[in-house]
Amino acid sequence: MSNPLLEDWSTPFGIPPFERIETDHYPDAFEQAIAEWRAEIEEIAGNTAEPSFANTVTAMELAGQKLDRVSAIFFNLCSADTSPELQAIEARIAPVLARNNAEINMDARLFARIDALWQGRDALTLTPEQMRVLTLYHEGFVRAGARLDEAGRTRMTAIMERLAALGAAFSKNLLADEADLELLVESRDDLAGLSEPLIEAAAKAAQDRGKPGKFAITASRSSIEPFLQSAERRDLREAAWRGFTGRGAARAETATAEIIAETMALRQERARLLGFDTFAHFKLDNQMAKVPENVAGLLERVWDRASIRAVTERGQLQALAAEEGGNHPIEPWDWAYYAEKLRKRDLDLDDAEVKPYLQLDRMIEAAFDTATRLFGLSFTELPDAPRHHADARVWEVTGRDGAHLGVFIGDYFARPSKRSGAWMSGLRTQHKLDGEVRPIIMNTMNFSKPAAGGTALLTFDDARTLFHEFGHGLHGLMSDVTYPRISGTSVARDFVELPSQLYEHWLMEPTLLRAFALHVETGEAMPDALLDKVRRAQTFAKGGETVQYLASAIVDLELHRSEIGADFDPAAFERETLARIGMPDGLVMRHRTPHFAHVFSGDGYSSGYYSYMWSEVMDADAFGAFEEAGDAFDADTAAALAAHIYTAGGRQDPEEAYIAFRGRGPEPDALLRRRGLLDDAS
C-alpha cells in the first residue's frame, strides 16, 4: 500500500500532504524510517576509515531525515489535533524512539569517533560553526551516558525508554481532563458581568460540544481567565477555578501523581548515573545558568519584591470587596475578579473596552508588519495549501530580497483535540547540508473561536501570546546556519525564550496599535487615551501575576534539586514548598504540579521553567538597545538583532551571542523595571 509519509511530495514548498495521510500510515512509516536511520548510523559507526568531521559529524547530521519528517508530522498532530488512535500509536512509539536514541547516543563506536575528533580538535581546520557542532555532539554523547560501563548504559536505555512512556501517559491524561473540562451554564442570566463577545464564545463552545442553547467555559485560558475576571456569580467562579486547577488530580482515571512520582525517581537516577548530585544540576550544567544556585538567586531576588507587592495588592482587593459588601476573604477564584475591578477603578480600563480593538486577523497582520519593518520579511497567504486542520492558515514567507524564506502555519483556535497552551513547533528545520532546506514553522494557540460569521477578538494577554509565539516562529524561519544541530530554536533552554519575549515589546508600539488595533464595528483606531491606559496597565498589579509564575518556577527547581524518596507525594511537596517560601494567601501556582505539562509531558522545561524569567532579564535589557537608539524599528539595531539572535541559531555560546548583540551582558534591573517592581523594598 502506498504510504505518503515515505514518498516525495509535489506540494507547494514541500508542505506535508495532510489530506492523504491517514492514521494507519504512521506505524509502517515509523518502522521503515527507524530501520533506515539505524542502517545509516551503523554505516557511520562501522566505518573503518579514520574519523573525520565529514564522515562522522556531517554524516550523522544527514542521517535519519526520513524519521525526522515522519516524527515532526506525527508529534505535531499529537499536540494540535489528536485522537485516541494517535494517542495509542504515541504510547507505543515514544518508548521505541527513546530506546533507539539512547542506544545510538551511547554507542561506543560512535563515541570513539566523536571523542577522537574532539581530542584532536585543535589540529582540525574547522570553521567556528563546525567547532560548535562538534562541541555539542561530544557534550551530547557524554550527557547521554556514552562514558558509562555496559551495565550503566543498559540501565540508562531502560530509564529513557520508560521516561518517554511516562511523558506520553502524562500528556494523554492531561488532554483527557482538558477535553472533558467544562463549566456548563444553563442560563444567560448566570453570565452576568461577561461581555457579549465572551458570552458568544461560551455559546459557540457549548454548541461545538453538542449542547446548543447552553454556555460552556472550557480549559482554554482564553475562556477560563476572562470568566474568572468578569463573572459576577462567585459560586460559578469557584466551580470554574476548581475544575481548571484540579486538572490531573480530580479524577482517579486521569490522575498524574503516580506518573510524576515515577518520573522524578527516574530523573534522579539518571542524573546520578551521570555523576550529578541532582537532576537540576544535570539539566543546568550546559545552560546559561550553569548551577541551580544561580537560578535560585534570581528567583529569590524577584520573589522578595513580588511577594511584598502581592500582599499589598491582596489588601487592596480585600478593601474593594468589603466596599461592595463582600464579607469573605480573597480566595484564588476572587483574585482576578477584584483585580479587574481595581484596574477599572484606578485606571478606568476595562478589558471589554479593549477587546473590540484586538481582532485576531489584525493582530496577525500587526505581528507580520513588525517583522517587515524590522527584518524586511513579507507574508503571502496560501489559501489552497495543504493543512492539518480546517482552522489552520498557511503563509509563504519571503526575505528582503524576495527569495523564499520558509512557510508559516498558524493554528489559532481551541478544540478538544488540541492540548492547552500555546507553542511554536516545526515540520521542517532550516539547514544547508543537503542543499538549501528552508523551514516550515507552526504556531499553535487556543483562542476562543467565534460563532459562524463572527470576528475573533483577543484579550491583550492573548495578543501578547500571539506576538510571543511569533517571536519563536521568526527564530525558526530566519535561521541561517549550515547544520541541523544548531538550527533555529536549537539553543540553550534559558536562551530560547529571548527572541519570543523580546518580540512582545513591539505589541506596545503606538504606531503599530494605531495601524492595527481597529474597532471591530467602526474600524476606528484605538484612541490615544485608551492606548495610554493599556500601557500603564502593563505594570499595574504585577505582584500577584509575578508570584504565580515564580511559584511554579520555584516548585519546579526544588522538585529537581531535592532528594526524592520511594514515598514521594507530589501534592505534599507542592504544599510544603509553597508554605516554606510564604505563598501569599489567595494565590496559586500558574501551573500546579498535577498538570505541569512544561515539566512532565517531557523533560524540555524540567528544572527549566525559570527560563522565562531568565530570558526576561535579557529581553527587557535587549529592547533597551532600541530605546537608546530612539526608534523601536531602528535599522542598525534590527540588523544586529537579526545577525546575532534571530538568524544565528545555536552557532555560538548564548552568552557570547547576547554580548555580540548588546555589547555587554544583560542588566537584571531591567526586568524589575519592566514589571514595575524596582521601587519595592526587598
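So the values come out like this:
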read-out	value
Helices (runs of 4 or more DSSP H) contained in region 609-682 and holding at least 3 residues of a type in the set (Ser, Thr, Tyr) and either in the same structural domain as residue 593 (by TED's automatic domain parsing) or buried (at least 17 other Cβ atoms within 10 Å of the Cβ) (or both)	611-629
Residue check for residue 353: free of Cβ contacts under 8 Å to residues at least 24 places away in the same chain and not aliphatic (A, V, I, L, M)	no
Those helices (runs of 4 or more DSSP H) lying entirely in region 47-121 with at least 1 residues within 22 Å of the chain's Cα centre (by Cα) and in the same structural domain as residue 170 (by TED's automatic domain parsing)	65-80, 84-105
Test for residue 175: is it crowded, with 17+ Cβ neighbours inside 10 Å, in contact (Cβ under 8 Å) with a residue 60 or more places away in the chain and hydrophobic (A, V, I, L, M, F, W, C)	yes
Pairs with Cβ under 7 Å, 6+ apart, first in region 520-532 and part of a helix (DSSP H, G or I), second not β-branched (Val, Ile, Thr)	530/353; 531/510; 531/513
Set 565, 604, 582, 544: member being out of contact with any Pro (no Cβ under 6 Å at 6 or more places or on another chain) and at positive phi	582
Within region 46-58, considering residues that are surrounded by fewer than 18 Cβ atoms within 10 Å (Cβ to Cβ) and not hydroxyl-bearing (Ser, Thr, Tyr), the one farthest from residue 29 (Cα to Cα)	50
Flag for residue 280 being in contact (Cβ under 8 Å) with a residue 40 or more places away in the chain and not acidic (Asp, Glu)	yes
Yes/no for residue 183 being under 30 Å from residue 602 (Cα atoms), part of a helix (DSSP H, G or I) and either modelled with pLDDT under 95 or touching a helix residue (DSSP H, G or I) at 6+ places or on another chain (Cβ under 7 Å) (or both)	no
Some residue of region 455-477 being surrounded by fewer than 20 Cβ atoms within 10 Å (Cβ to Cβ), touching a Lys or Arg at 6+ places or on another chain (Cβ under 9 Å), over 30 Å from residue 203 (Cα atoms) and modelled with pLDDT of 95 or more	no
Single residue of region 128-170 satisfying the filter (over 25 Å from residue 48 (Cα atoms) and of a type in the set (Ser, Thr, Tyr)) that is surrounded by the most Cβ atoms within 10 Å (Cβ to Cβ)	157
Flag if residue 136 is in contact (Cβ under 8 Å) with a residue 40 or more places away in the chain and either in a loop (DSSP other than H, G, I, E, B) or in contact with a strand residue (DSSP E or B) (Cβ under 9 Å, 6 or more places away or on another chain) (or both)	no
Single match in 315, 248, 297, 326 (criterion: surrounded by fewer than 22 Cβ atoms within 10 Å (Cβ to Cβ) and outside any helix (DSSP H, G or I))	326
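The values are calculated or read from the model by the stated rules, or taken from the named source; none is laboratory data. This one's a predicted model, so the numbers in the text were calculated from it and none came from an experiment. Cβ sites come from the backbone with ideal geometry, for glycine too, and all protein chains shown count toward neighbours.
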